[in-house]
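Asker: There's a structure below that I have some questions on.
Values quoted throughout were computed directly from the atomic coordinates according to the rules given, and no laboratory measurement underlies them. Remember, it's a predicted structure, so these values are computed and weren't measured experimentally.
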Amino acid sequence: MTFQQSSRFASEYPAAGLTKREIEVLLAWLRSDTKAQVAAELFITPATINTHLVRIREKYEAVGRPATTKAALVARVLQDGMIALDAL
């Protein structure tokens, strides 16, 4: 599925209302192996990454789309058209 195709289906799912920064942190974390790598890349602490991830998960939960694992967050990002599968 291409990015254009995935974004076409994004309207089928309730929006979680993530901020630009939350999306940036989420995508960086999904592409990395560790939170320490993301922290170094984004010039923030691992604790800040954890805070963002907690808030992101709360927002998805609030719209009935729980994402308790990293794999579930990958699914949400793909469903919302934030990234194409081959970009992960």
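Asker: Please report the orientation-averaged projected area of region 17-88, defined via the convex hull of its C-alpha atoms, in nm². Display every interim value, and only then the final one.
Answerer: Working: hull surface 17.6 nm².
The number I arrive at for region 17-88 is 4.4 nm².
Asker: Hey, what angle do you get for helix 46-62 against the long axis of the chain, alpha-carbon based, 0 to 90 degrees rounded to 10?
Answerer: Taking the Cα atoms of the chain, the angle to 46-62 is about 30 degrees.
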